[in-house]
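Trainee: Please find one structure pasted underneath; my questions will follow.
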Amino acid sequence: MSTTVAQNITDDLRRWIVEQAESGCRPADVLEAMKASGWEESVAVAALEQTLRQRLAQLDEEELPPPTEVPQPALEGASPLVQVGGREVRVLTVMKLPRVVVFGGLLSDEECDALIELARPRLLRSETVDNATGGSEVNAARTSDGMFFDRGETPLIATIERRIAELVRWPLENGEGIQVLRYRPGAEYRPHHDYFDPVHPGTARILQRGGQRVGTVVMYLNTPEGGGATTFPEVGLEVAPVRGNAVFFSYDRAHPATKTLHGGAPVLAGEKWVATKWMRQGVFT
Ligand code: PD2
Ligand code: ZN
């Protein structure tokens, strides 16, 4: 005959379990100690699991920086079409975490071609941020050529900037100048986050010009013959680069919990041209 004695998981027991775990004791050894002091195994296992899971969730919360406001496309309606600046843009894919929205037809073919021709004579080997100083450096992780337009530099640039600001409901003044990148066959942009990592010594200087980045729009200016998807490796998402389409993603804190790690997969054939608009928390100066 077996008797079941109700065994209560008290706050003291929870505290003891956390202490043991945090002093390096393995869960299996904590379990053995609990059994040795009279705990029924299934009750002890449940107490251990529940307590350690709660503690992990608590630590995660404590370590996350607070969320900030981010650009938000107007997707409240049932329609897969949004009207921006007199243009009908298609909503192709929507994801919550990471926050990703893929748009079809954000740019016309003529706008794509015009951007490429404006950028072409000004291309230089792309640089990435030098984490130590906040300056920029040539980097093997990004084997493309690129250039920046000033905000509002030409009527076409100004039109596209107004369209993006309306699409994602974020002030035009918070946008960095549009960057155009050209990838040749074999070129890629290895996975990275677009926000500036707060632990890097150079970040404070970068943040003086409008705070953190909170959103990105990558616009595809051509359709490469092979490869060149924008990838989100943590969630297995690949956005096909199709001329005129764009991928938007936002990150409400400078933290990997946003799951916005993303890259440009190697171009396998032909060239890939993109234009990127990054958005800051405040006015970009
Ligand atoms: O060209 C891309 O697909 C790509 C991928 C990752 C662009 C960027 N990041 C970027 O411009 O930040
Ligand atoms: Zn990026």
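The values are calculated or read from the model by the stated rules, or taken from the named source; none is laboratory data. Quantities reported herein were computed from a predicted structural model and do not represent experimental measurements. Note that each Cβ is placed from the backbone with ideal geometry, even for glycine, and that neighbours are counted across all protein chains shown. Just the protein is used for accessible areas: all its heavy atoms, side chains included, with ligands, DNA and RNA removed. Shrake-Rupley method; radii C 1.70, N 1.55, O 1.52, S 1.80 Å.
Trainee: Report yes if some residue within the range 116-126 is among the polar types (S, T, N, Q), touching an Asp or Glu at 6+ places or on another chain (Cβ under 9 Å) and part of a loop (DSSP other than H, G, I, E, B); otherwise report no. It would help to see each step written out before you state the result.
Mentor: Initial filter on the range 116-126 (among the polar types (S, T, N, Q)): 126.
In the following step, the residues that additionally are touching an Asp or Glu at 6+ places or on another chain (Cβ under 9 Å) were identified as 126.
Within this subset, residues satisfying the condition of being part of a loop (DSSP other than H, G, I, E, B) are 126.
Yes: the range 116-126 contains one or more residues that are among the polar types (S, T, N, Q), touching an Asp or Glu at 6+ places or on another chain (Cβ under 9 Å) and part of a loop (DSSP other than H, G, I, E, B).
Trainee: Consider Ala187 against the criteria (1) under 17 Å from Glu127 (Cβ atoms); (2) free of Cβ contacts under 8 Å to residues at least 40 places away in the same chain; (3) assigned to a loop (DSSP other than H, G, I, E, B): it satisfies all of them except one. Which criterion is unmet?
Mentor: (2)
Trainee: Moving on to the next point. Cβ-Cβ under 7 Å, sequence separation 6+ or interchain: first residue in the range 60-86 and open to solvent by 50 Å² or more (accessible area, probe 1.4 Å), partner basic (Lys, Arg) and part of a helix (DSSP H, G or I). Which pairs?
Mentor: Close Cβ pairs satisfying both conditions: Gly85/Arg162; Gly85/Arg163.
Trainee: A further question on this structure: Taking the range 152-202 as the search range and keeping residues that are more than 16 Å from ligand 2 (Cβ to nearest atom) and polar (S, T, N, Q), which one is surrounded by the most Cβ atoms within 10 Å (Cβ to Cβ)?
Mentor: My answer is Asn174.
Trainee: Taking the range 205-230, which residues are without any contact (Cβ under 8 Å) to a residue 24 or more places away in the chain and of a type outside the set (A, V, I, L, M)?
Mentor: Quick first cut of the range 205-230, residues without any contact (Cβ under 8 Å) to a residue 24 or more places away in the chain only: 207-208, 223.
Gln208, Thr223, listed by residue number.
Trainee: Checking the structure you have, find out if any residue of the range 65-81 is at pLDDT 95 or above and part of a strand (DSSP E or B).
Mentor: Yes.
Trainee: Can you list residue pairs whose Cβ atoms sit under 6 Å apart, with the first residue in the range 246-268 being closer than 15 Å to Arg280 by Cβ and the second being of a type in the set (A, V, I, L, M, F, W, C) and open to solvent by 10 Å² or more (accessible area, probe 1.4 Å)? Count only pairs 6 or more apart in sequence or on different chains.
Mentor: Between residues of the range 246-268 that are closer than 15 Å to Arg280 by Cβ and residues that are of a type in the set (A, V, I, L, M, F, W, C) and open to solvent by 10 Å² or more (accessible area, probe 1.4 Å), the close pairs are Ser250/Val70; Asp252/Val70.
Trainee: Something else now. Consider the range 259-285. How many of its residues are farther than 12 Å from Ala187 by Cα, open to solvent by 10 Å² or more (accessible area, probe 1.4 Å) and either more than 15 Å from ligand 1 (Cβ to nearest atom) or not in a strand (DSSP E or B) (or both)?
Mentor: Within the range 259-285, residues that are farther than 12 Å from Ala187 by Cα, open to solvent by 10 Å² or more (accessible area, probe 1.4 Å) and either more than 15 Å from ligand 1 (Cβ to nearest atom) or not in a strand (DSSP E or B) (or both) number 7.
Trainee: Let me ask something additional. Within the range 244-258, take every residue that is under 11 Å from the mean Cα position of the chain (by Cα) and assigned to a loop (DSSP other than H, G, I, E, B) and give me the one that is nearest to Val89 (Cα to Cα).
Mentor: In this case the residue turns out to be Tyr251.
Trainee: Which condition from (1) within 13 Å of ligand 1 (Cβ to nearest atom); (2) out of contact with any Leu (no Cβ under 8 Å at 6 or more places or on another chain); (3) part of a loop (DSSP other than H, G, I, E, B); (4) in contact (Cβ under 8 Å) with a residue 40 or more places away in the chain is the one that Pro241 breaks?
Mentor: (4)
Trainee: Follow-up question, since we're still on this one. Residue by residue through the range 207-234, note down the ones that are within 15 Å of ligand 2 (Cβ to nearest atom), open to solvent by 20 Å² or more (accessible area, probe 1.4 Å) and closer than 23 Å to Leu64 by Cβ.
Mentor: Gln212, Arg213, Pro233, Glu234
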